[in-house]
Ligand SMILES: [Zn+2]
Ligand SMILES: [Zn+2]
């Protein structure tokens, strides 16, 4: 694939403005049960695609994690972080930034991307395994991180209900590369707008080959991010430059038009129960269409 000079520097240019592009949702094999690629396998392909960095977000303790829950906590954490560490080693070799995060699941329903906490923090906080959504939100924020609900409107055979955690998140992943039905993304986008929360996009990638044959997603930053705290600040301050969708860009600065992917046409359906939760993680009983 031919590379333009700007892409060589790992900067991405659109609308004549340089921005840096980051993968925000990525899984590694050996840690995420459903992933097929090692962390290191992603580096070259994301560099080729013009990304400046990626955040490894493997499935966490109550999610589709490959690690035994019988392991002592220290061992579990050490193994959990290995996917990220292997990616980071290769990233360091190639001059590509790799940051740490994770993705936790509640009751096989709703998923959250956690950014800004690290291995040392995890080792000190084994109670993370038993968090409720509310405890997760308060603890992550207190530790300097942020919580983004991943693909809130996803509907699949293994998901019993859609849970919208309206009060315990800092942002919403509006565009997800794993969605064959893009109406899930349109719903998520309008839900985020209604809440007034920042939107993100992530490929939710499980296979490094998909960088070439599939669509890739991500978040643009005006500045190069030096660490995961820079990403957290960008989300909390709601000052990302934009998001990359399949083959569209939503530039937050220019107020570019709503991407096709986010257009509602009235035929969007949710075929499973929808539960909306507030800042205390209590079910509100509200009707989901009032949240669009
Ligand atoms: Zn997965
Ligand atoms: Zn995921």
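At a glance:
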read-out: Meets criteria (at pLDDT 95 or above, under 18 Å from residue 53 (Cα atoms), within 16 Å of ligand 1 (Cβ to nearest atom) and surrounded by 22 or more Cβ atoms within 10 Å (Cβ to Cβ)) for residue 150; value: no
read-out: Wholly enclosed strands (runs of 3 or more DSSP E) of the stretch 225-292 bearing at least 1 residues touching a residue at least 60 places away in the same chain (Cβ under 8 Å) and farther than 28 Å from residue 160 by Cα; value: 242-244, 249-251
read-out: Lone qualifier among 113, 164, 122, 117 - being in a strand (DSSP E or B) and farther than 24 Å from residue 265 by Cα; value: 113
read-out: Among residues of the stretch 228-238, those that are surrounded by fewer than 21 Cβ atoms within 10 Å (Cβ to Cβ) and either within 24 Å of residue 184 (Cα to Cα) or within 16 Å of the chain's Cα centre (by Cα) (or both), counted; value: 5
read-out: Within the stretch 134-161, tally of residues that are more than 25 Å from residue 220 (Cβ to Cβ) and assigned to a loop (DSSP other than H, G, I, E, B); value: 8
read-out: Subset tally (residues that are more than 13 Å from ligand 2 (Cβ to nearest atom), part of a loop (DSSP other than H, G, I, E, B) and at negative phi) for the stretch 175-217; value: 10
read-out: Filter pass, residue 37 being free of Cβ contacts under 8 Å to residues at least 40 places away in the same chain and over 27 Å from residue 170 (Cβ atoms); value: no
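The values are calculated or read from the model by the stated rules, or taken from the named source; none is laboratory data. All values reported here derive from a predicted model rather than from experimental measurement. All Cβ positions, even for glycine, are placed from backbone atoms using ideal geometry, and neighbour counts span all protein chains on display.
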